[in-house]
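These notes are about the structure you will find just below.
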Amino acid sequence: MPRQVRIEFPGAFYHVMARGNRLDPIFRGDDGQDQKLWLKTLGEACERCEFRVWAWVLMRNHYHLVLETPKANLVEGMGWMQNTYTRRFNARHRQWGRLFGDRYKSILIDEGTATAGTSYLQTVLDYVHLNPVRAGLISPKNGQSVMDYPWSSAGDGYALSQGKRTEWLAAVDGMALFSLKDTVAGRRNFVRRLDERAAAEGSEKSGMAKIKGQTLNSSLQRGWYWGSEAFKESMLELLNRRKKSEEGLPTSRNYASSTQGASIREKEAEEIIEQGRIHFGFEGLSREKIAEMSVQRGDMRMLAIAWALRKRTTVSLGWIAQRLGLRSAANAGQRVRMFDKLPQHEQNEEVMLWRKSF
């Protein structure tokens, strides 16, 4: 089958799903360490690419995500996340090769109203949170709650107070979709509503939706959007405009590695370097002088900038090394890791302020 084009634009919402290669597990064992590793990697992707996660659930051989991308960078961020998790998983389990099967699926979600009092985004949030019920891992008949499944943003996010949940989960806005506030009562009602829906619909149909002849399950499995006809037409028009422009169609195969994709990443990196020049007082210095400072032992300022680039962008270590005058990609990686573990007593005030800003 021909691959669908990834449609990217600022503020887009997606349902993202990926399965293990040949349906093999992407989370092994019962200790939860792989799941924690995946969540850590997702959190880093959110920090690098400014993703906002509205819902997630981890199953044995696949995962579901509801993502908002304030920047038009789904392909870049998801590519980094899946590749990074694969490397970490393989290192942890002493294996090699691909972990995921075919490329991840991404379905665009309409933010608009689906039916009276219900939005398309609401239906997808419920679909994701009720996935363990449909899989038979949670049984409403036996009195179990979505809270009983540990690897879901229902119990490990929406049900928690703001101080206990991850910063990248858009739980406050997610609850507001259902006219609930981020209070003890609001969080309790969010979970209760899911449990009541699971009990009423039964395991097989839990979280399903059908709107104007379009079924949610079919759209997420085989379609490319979940929304109104007007939303579909607007997305097709967006594709048509981009096809006729110099930018061309953004696809997962070539957009991230294109000159434009590289230019966008490098522009963001240059902005951080400029912030560093101002913060550390380098405005009047040439590139050559800054490169000299990079190799001086004990000068943490350039390492601080390299650390920020690695933390907030997806430019390569090779680019960082070349741009900041470090010897090699390996040297840049080693020094960034060293800086990341730097004890507080070894940091001066301007370095500490820089770290706090990131």
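The values are calculated or read from the model by the stated rules, or taken from the named source; none is laboratory data. Treat the numbers as computed from the prediction; the structure is a model and nothing was measured. Ideal geometry is used to build each Cβ from the backbone, glycine not excepted, and the neighbour counts take in all protein chains shown.
What about V124, is it in a helix (DSSP H, G or I), at pLDDT 95 or above and surrounded by fewer than 20 Cβ atoms within 10 Å (Cβ to Cβ)? Answer is no for this residue. Quick check, is N21 at negative phi and without any contact (Cβ under 8 Å) to a residue 60 or more places away in the chain? No: the conditions fail for N21.
Only one of the numbered conditions (1) more than 19 Å from A45 (Cα to Cα); (2) within 17 Å of the chain's Cα centre (by Cα); (3) among the hydrophobic types (A, V, I, L, M, F, W, C); (4) in a loop (DSSP other than H, G, I, E, B) is not met by W96, and that is (2). Taking the listed residues L58, L67, L39, the one that is among the hydrophobic types (A, V, I, L, M, F, W, C), within 8 Å of the chain's Cα centre (by Cα) and outside the structural domain of R312 (by TED's automatic domain parsing) is L67, with no other qualifying.
Quick grid of which residues meet (1) on the phi > 0 side of the Ramachandran plot; (2) in contact (Cβ under 8 Å) with a residue 60 or more places away in the chain; (3) in a helix (DSSP H, G or I):
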residue	(1), (2), (3)
S106	no, yes, no
Q144	no, no, no
M147	no, no, yes
P150	no, yes, no
D173	no, yes, yes
S179	yes, no, no
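Taking first residues from the stretch 71-90 that are free of Cβ contacts under 8 Å to residues at least 40 places away in the same chain and partners that are of a type in the set (A, V, I, L, M), the Cβ contacts under 6 Å between residues at least 6 apart in sequence or on separate chains come to T86/L99.
Residues of the stretch 321-354 that are under 17 Å from R277 (Cβ atoms) and under 23 Å from the mean Cα position of the chain (by Cα): none at all.
From the set of residues in the stretch 325-345 that are loosely packed, with under 15 Cβ neighbours inside 10 Å and in contact (Cβ under 8 Å) with a residue 12 or more places away in the chain, which is nearest to I305 (Cα to Cα)? So, considering only residues that are loosely packed, with under 15 Cβ neighbours inside 10 Å and in contact (Cβ under 8 Å) with a residue 12 or more places away in the chain, the one nearest to I305 (Cα to Cα) is D340. If you check N83, N73, N142 for being out of contact with any helix residue (DSSP H, G or I) (no Cβ under 6 Å at 6 or more places or on another chain), among the polar types (S, T, N, Q) and closer than 30 Å to R22 by Cβ, only one passes: N83. Just for the stretch 199-229: of the residues that are more than 27 Å from the chain's Cα centre (by Cα), in a helix (DSSP H, G or I) and of a type outside the set (D, E), which one is nearest to Q144 (Cα to Cα)? Step by step, filter the stretch 199-229, then rank; the result is A199. The residue of the stretch 101-121 that is surrounded by the most Cβ atoms within 10 Å (Cβ to Cβ), among those that are closer than 17 Å to R197 by Cβ and small (G, A, S), is A114. Evaluated against (1) touching a Ser or Thr at 6+ places or on another chain (Cβ under 9 Å); (2) surrounded by fewer than 15 Cβ atoms within 10 Å (Cβ to Cβ), E167 falls short on exactly one condition, (1). Using the structure shown, decide if A321 is assigned to a helix (DSSP H, G or I) and in contact with a His (Cβ under 9 Å, 6 or more places away or on another chain). It is false that A321 is assigned to a helix (DSSP H, G or I) and in contact with a His (Cβ under 9 Å, 6 or more places away or on another chain). Of all residues being part of a loop (DSSP other than H, G, I, E, B) and touching a residue at least 60 places away in the same chain (Cβ under 8 Å) in the stretch 108-119, which is nearest to Q214 (Cα to Cα)? Just the residue, please. Taking the candidates together, the pick is D110. The single condition among (1) over 14 Å from D34 (Cβ atoms); (2) without any contact (Cβ under 8 Å) to a residue 60 or more places away in the chain that V57 does not satisfy is (2). Restrict the check to the stretch 128-141 and report whether at least one residue is assigned by TED's automatic domain parsing to the domain that holds K212, closer than 14 Å to E68 by Cβ and either assigned to a loop (DSSP other than H, G, I, E, B) or touching a residue at least 12 places away in the same chain (Cβ under 8 Å) (or both). Scanning the stretch 128-141 turns up at least one residue that is assigned by TED's automatic domain parsing to the domain that holds K212, closer than 14 Å to E68 by Cβ and either assigned to a loop (DSSP other than H, G, I, E, B) or touching a residue at least 12 places away in the same chain (Cβ under 8 Å) (or both).
Restricting attention to the stretch 324-352, the residues that are of a type outside the set (D, E) and in a helix (DSSP H, G or I) add up to 16. Here is the figure for the stretch 78-100: residues that are surrounded by 16 or more Cβ atoms within 10 Å (Cβ to Cβ) and either modelled with pLDDT under 90 or aromatic (F, W, Y) (or both) total 4.
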